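Contents: one structure, followed by commentary.
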Amino acid sequence: MMTLLSPHFFAKQALLLLLSYMRECYNKKGSLSTGKKSGGNWNFSLDTELVLIENKLGLPLRKGAFFEELP
Amino acid sequence: MKKVKYIFVSGGVISGLGKGITTASLSAILKSKGYQVTAVKVDMYLNVDAGTIRPQEHGEVFVTDDGIETDQDLGHYERFLDISLTRANYITTGQVYQEVIRKERSFEYDGEDVEAIPHVTDEIIRRIKEAGEKTQAEIVIVEFGGTVGEYQNSLFFEASRIMKMRSPEDVLQVHVAYMPVPPNLGEMKTKPVQQSVRMLNSMGIQPDFIVGRSEYPMDERRKERIALFCNVFKEDVISNPDVPSIYEVPLVLSEQNMGEKILKKLGLGVGGKDLSPWKKLIKTVKTSKKEVKVAVVGKYFATGDFQLEDVYVSVIEALKHAAWANERKPKLYWVDSEKVEKEGPEKLAEVDAVVVPGGFGSRGIEGIIKAIKFARESDLPYLGLCYGMQLATVEFARHACGLSEANTTEVSPKTPHPVIHIMPEQEKLLVGKEYGGTMRLGVYPCKILKGTVVYNAYNQDKIKERHRHRYEFNNAYRSEMEVKGMVFSGTSLNDRLVEIVELKDHPFFVGTQFHPEFKSRPLRPHPLFVSFIKAAVIRK
């Protein structure tokens, strides 16, 4: 019970919720800001930044295709 | 003795706009005119070389024959010039400062007050000239990393200004700058280029040529504006638009007679040779319609300024060269090994071949091992490079030799079956924290067993390839794996180090401890990659 009420627990849950939301937005639109599908480096970077955080938390939420075409 | 000519290539507005490709293309054009050309990359960081920089930060670490770990642009220069460069072709701020401080400590400045100008600039000039001397070049093209206006590259610009001041007829300045086309305007803007040239002017540098990088070709009106505001002749404003293949850039610049214009300004004669091998290559690139699908399997990792493909640029280019040599259109896919770990490798049946490139660390390796197992068991052509070779032996030990806990000590230091382990001399270096430039680096000879897949590819029994590794195959497992069908088809001359492994009864399953991708050139594709793609085409 104490664990459930600890500030750390709430902070972590809030972070996970936010991260899941960001990932969902990214997976849907390819971008958080423009609504355009990726094509620019910025979006690619955002994706990889998310991957970095997800890796640190042990939460691979990235849903890229199995085959990602290289240019 | 002929006077050496120097061309400095600087960048403006943004980084990553293709200065390296422009420099490489210019080198190829001047080489095609019959001149001995070399290219030098100057990186502004304080690292002595690129070996200690994270790949996410830096992109690919390219290794030369003489074993320096450099920027990926040296790879472009080698591919376009079709020559092997040396450590003299790569200069960093770290190298320059290290040498200046060494000289100061050993009293080589005779008690002088050592200052940025002239001592640091003199060291920069000495190194640039040395690059020309060592390669016996008639023309040295020097690319400055970063963009004009950064504090850290000002001493290099100053060195180029001094060289021009001392010998104006032997030095040219080429400025490559970005010309944006804002989507809301739909019009190419020249103002960023103008601002960038003003910054150059403020350092006492007047560009002789301005190369406008943009999504689209530059029209006459834009050329006129740049000429007027940047104080250059209109014919010296060169358009360098996006093109489908980077190997088309020499043709784009050549169509605007950039080579002839440069040679004229340098007081050199215009040679009679042409770019016909490049034209032939581009024709193949454009006319090859049948596809060959290759999956590059590795762990997905976050990148900073660089894209994932930058980390494996030489592998990707080598695959393209080999596909074109087989008259195939390369379709290359990245496959995240963590996805293979979770979803299984079966989807790999959709491609014609699998590559596992060099890598590091433990994340995602079980997915790579699953992919290798799938390739081995389903006769899918496989090429493992460095880490890809090491993990191929781990996979074989686990699933073909029954050593289920086999691993590399890089991932599992206490594995009961260390199929891959650290080289004894490397272990000592790591204990002493001697990380910089201490891997087994550069070219080493390798003898090849006759009658093997790799012998058929190279058609030679002795080759030289470039290396970058600390771990090696553990010879204690050699005979056990040989019995089960692994062929150690390439070893060091003293037989101690396993350089190449392959499998009996598989159309193409090859792993190399070295990096053949570093020696593949568009006009001279690497034989191992050509054979690999050929196997993929046959399977198809």
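Structure values in brief
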| quantity | calculated |
| --- | --- |
| Sole residue being touching a residue at least 12 places away in the same chain (Cβ under 8 Å) and within 13 Å of B:I139 (Cα to Cα), chosen from B:S32, B:S10, B:S15, B:S25 | B:S32 |
| Checking B:I162 against (1) in contact with a strand residue (DSSP E or B) (Cβ under 7 Å, 6 or more places away or on another chain); (2) surrounded by fewer than 20 Cβ atoms within 10 Å (Cβ to Cβ), the condition it does not meet | (1) |
| Selection count where residues are part of a loop (DSSP other than H, G, I, E, B), in contact with a Phe, Trp or Tyr (Cβ under 7 Å, 6 or more places away or on another chain) and within 14 Å of chain A (Cβ to nearest Cβ), scope region B:343-367 | 3 |
| Count - residues of region B:462-484 that are more than 25 Å from B:T438 (Cβ to Cβ) and in contact with a helix residue (DSSP H, G or I) (Cβ under 9 Å, 6 or more places away or on another chain) | 4 |
| Strands (runs of 3 or more DSSP E) contained in region B:431-540 and holding at least 3 residues at pLDDT 95 or above | B:440-448, B:462-469, B:486-491, B:498-503, B:509-512 |
| Given (1) touching a residue at least 60 places away in the same chain (Cβ under 8 Å); (2) touching a Cys at 6+ places or on another chain (Cβ under 6 Å), number of the condition B:G490 does not satisfy | (1) |
| Filtered residue count, region B:5-25, keeping only those that are closer than 18 Å to B:N89 by Cβ and either in contact with a strand residue (DSSP E or B) (Cβ under 6 Å, 6 or more places away or on another chain) or buried (at least 24 other Cβ atoms within 10 Å of the Cβ) (or both) | 12 |
| Residue within region B:104-116 that is in contact with a helix residue (DSSP H, G or I) (Cβ under 7 Å, 6 or more places away or on another chain) and free of Cβ contacts under 8 Å to residues at least 24 places away in the same chain present | yes |
| Region B:317-373, residues that are of a type in the set (K, R) and over 29 Å from B:G75 (Cα atoms) | B:K339, B:K342, B:K347, B:K370, B:K373 |
| Residue within region B:464-475 that is surrounded by fewer than 24 Cβ atoms within 10 Å (Cβ to Cβ) and either more than 28 Å from B:D65 (Cβ to Cβ) or touching a His at 6+ places or on another chain (Cβ under 6 Å) (or both) present | yes |
| Wholly within region B:14-123, helices (runs of 4 or more DSSP H) carrying at least 3 residues that are in the same structural domain as B:I246 (by TED's automatic domain parsing) and more than 30 Å from B:K299 (Cα to Cα) | B:19-32, B:93-105 |
| Complete set of residues in region B:145-194 that are assigned to a strand (DSSP E or B), hydrophobic (A, V, I, L, M, F, W, C) and within 14 Å of B:V13 (Cα to Cα) | B:V176, B:A177 |
| Count of residues meeting criterion [surrounded by fewer than 19 Cβ atoms within 10 Å (Cβ to Cβ) and closer than 15 Å to B:G204 by Cβ] in region B:168-181 | 1 |
| Selection from region B:204-224 of residues that are over 16 Å from B:V174 (Cβ atoms), out of contact with any helix residue (DSSP H, G or I) (no Cβ under 7 Å at 6 or more places or on another chain) and surrounded by fewer than 19 Cβ atoms within 10 Å (Cβ to Cβ) | B:E215, B:Y216, B:P217, B:D219, B:E220, B:R221 |
| Residue in region B:309-326 that is farther than 30 Å from B:G145 by Cβ, more than 19 Å from the chain's Cα centre (by Cα) and either away from every other protein chain (no Cβ under 14 Å) or part of a helix (DSSP H, G or I) (or both) present | yes |
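Matching residues to (1) under 18 Å from B:V487 (Cβ atoms); (2) in contact with a Phe, Trp or Tyr (Cβ under 7 Å, 6 or more places away or on another chain); (3) touching a residue at least 60 places away in the same chain (Cβ under 8 Å); (4) not in a loop (DSSP other than H, G, I, E, B):
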site	(1), (2), (3), (4)
B:I369	no, no, no, yes
B:M389	yes, no, yes, yes
B:V394	yes, no, no, yes
B:G402	no, no, no, no
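The values are calculated or read from the model by the stated rules, or taken from the named source; none is laboratory data. Owing to the predicted nature of the structure, the values given are computational and were not obtained by experimental measurement. In this analysis, Cβ positions are derived from the backbone assuming ideal geometry, glycine residues included, and neighbour counts consider all displayed protein chains.
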